[in-house]
Structure formats: structure tokens, C-alpha cells
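The values are calculated or read from the model by the stated rules, or taken from the named source; none is laboratory data. Here the structure is a predicted model, which is why all the values come from computation and not from measurement. A quick note on method: Cβ atoms are made from the backbone with ideal geometry, for glycine too, and the neighbour counts reach across all protein chains shown. Calculation scope for accessible area: heavy atoms of the full protein, side chains included, ligands and nucleic acids excluded. Shrake-Rupley method; radii C 1.70, N 1.55, O 1.52, S 1.80 Å.
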Amino acid sequence: MRQKHGQNFLIDNNIANNIVKAADLTNEDNVLEIGPGKGVLTKLIQPQVKHLTAVEIDSVLAQQQRYYFSFHNINNAEVITEDFLKLSTSHFSLSTLPFKVISNLPYNVGTAIIQKILPLDNWTLCVLMLQKEVIQRLAAKPGDKDYGYISIFTQYYADCKILFDVSPKCFNPAPKVVSSVIKLTNKHSTVPDKILFDFIKHAFSQRRKTILNSLSSFSKLDKTQASGLLNTCQIDPMLRPDRISLTDFLNLTNALRLLK
């Protein structure tokens, strides 16, 4: 039966235990779970932590979680019925506290959720499950076929470690793709200059062009000026964006900002 929001519910207890174990939980932790569904992770997380905030878009599933908490007299957990992407972090208890994230993310909006969480300064660790191809993009390195904007965005904010794959048989209904679990650790990077991600997004929107052409069109510099800037940063002007490291992008955008 097709679920209202296209959910694929994790039903394998061994996988669930391995996901939660990877978060290294303590009784001092505050945890955010996005899309708890039927609660297979929730029931493992809640007894181990100080407070659990579960955000569930499906009102029926959210009410089932509330009934479970109420029936078992659980007072260290709350359920917010909301689309996480529309939820202001100031609306719940994690707005100022350090917190961890554990989630079987909704596949259709997983990268959008990641882009909302990572710039927050007070998350410490995320253990996330998504389709394997997306997880590979998050952790990809320059030269990898999966390397792109989301790779650099993720790695600006976090250290990435892919943990394990999850078979479609571990879900109900079974998805048509293999899933993977990744562990992200906050690097507490400074707030980036807006030009950094604007330029990276521009470069990868035309990824078959050289970094020289991308820089020239983005910055409105002529090719001679753009080439000089790249040479100053010790970046080969003929490389394509998928060969440029995060460090090189940072150096290049810093140099570009100084020209303004």
C-alpha cells in the first residue's frame, strides 16, 4: 500500500540498533529525529537520552507516537507535527542546546533537510540514512564521479564517514534502491562568505566548462584577469569544477572577494 508521504519504514531491528549505536548516545544528549514514522528508531533512542524531539509530517503517525509516549509515561520526548523544512528551529527546544540528529530521512527531500541542518552551529553529530547514491555524493572527493555542489557543501560543515549499506528488504514497503548510513561530525566552521556557495553552485551548473570559464562568467572578469587570479591561487585554469577541492574553492573565493 502506498504511504501518504511516500515513506519507506525501517523494519529491521539489527539495522536500527546499528544506526542508534553509531550516534554514541549518552543520558546527557538531546536528539532530533526527523520522520520517525512508526518509531523503530524512536523506541531505541528515547531511553538512552536526556530529551528526544521527533518531527513528523504525518499527523496520524505523530499521534501514534504521542499515544505511545503517554501510555508508557514517557516525559523526555515530544512530537512536533510539521514539515521539518517549514519548521523554524526557534520553535522547539533544540534552538540553543547542543543536539544530535538520528534519522531515516525522507528520500525525496533528504538533501534539502541536510542543507537546513548543517549550517546550524549547535548540532554535534548526525547519523542519517538515505539512498546510497546520495550518501556517496555527500562524501565524494574531487575527481570522483559523484563529486559536486552537495559534496562541498556537506564537507564544509562536516567530517563524513559512510558506515554501511542497507538492503531494500529492511523496509516496508521496500524501496527500489539500496540505502546507506552516513555519520557527519560538526567541524564548527565559520559562517561562509555568501560568494563561496554561490560560486560553487554556478561552477557545477556548467560542470563541463573549465574553472576559468566559470570564474570569468561568475565574476564578470575577462579571461586574462580570471586566469591571473587562478594562477595566484595555484589552480590550473583548465581544470573542470569536479577536480577543484574545497580548499581551492575557499582560496579562490577569498581572492575574488578581495578584488571587490
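All conditions in (1) open to solvent by less than 20 Å² (accessible area, probe 1.4 Å); (2) within 22 Å of CYS126 (Cβ to Cβ); (3) in contact (Cβ under 8 Å) with a residue 24 or more places away in the chain hold for PRO241, with the sole exception of (2). Do we have LEU44 as in contact (Cβ under 8 Å) with a residue 24 or more places away in the chain and under 23 Å from LYS183 (Cβ atoms) here? For LEU44, the condition - in contact (Cβ under 8 Å) with a residue 24 or more places away in the chain and under 23 Å from LYS183 (Cβ atoms) - is met.
Could you say whether any residue in segment 72-82 is of a type outside the set (Val, Ile, Thr), more than 27 Å from VAL178 (Cα to Cα) and in contact (Cβ under 8 Å) with a residue 60 or more places away in the chain? No, every residue in segment 72-82 fails to be of a type outside the set (Val, Ile, Thr), more than 27 Å from VAL178 (Cα to Cα) and in contact (Cβ under 8 Å) with a residue 60 or more places away in the chain.
Based on what the data block shows, is LEU215 in contact (Cβ under 8 Å) with a residue 60 or more places away in the chain, of a type outside the set (Val, Ile, Thr) and surrounded by 14 or more Cβ atoms within 10 Å (Cβ to Cβ)? Criteria not met by LEU215. Taking helices (runs of 4 or more DSSP H) as the structural unit, those lying wholly within segment 4-72 and holding at least 3 residues that are out of contact with any Leu (no Cβ under 9 Å at 6 or more places or on another chain), open to solvent by 40 Å² or more (accessible area, probe 1.4 Å) and farther than 17 Å from LEU128 by Cβ correspond to 59-71.
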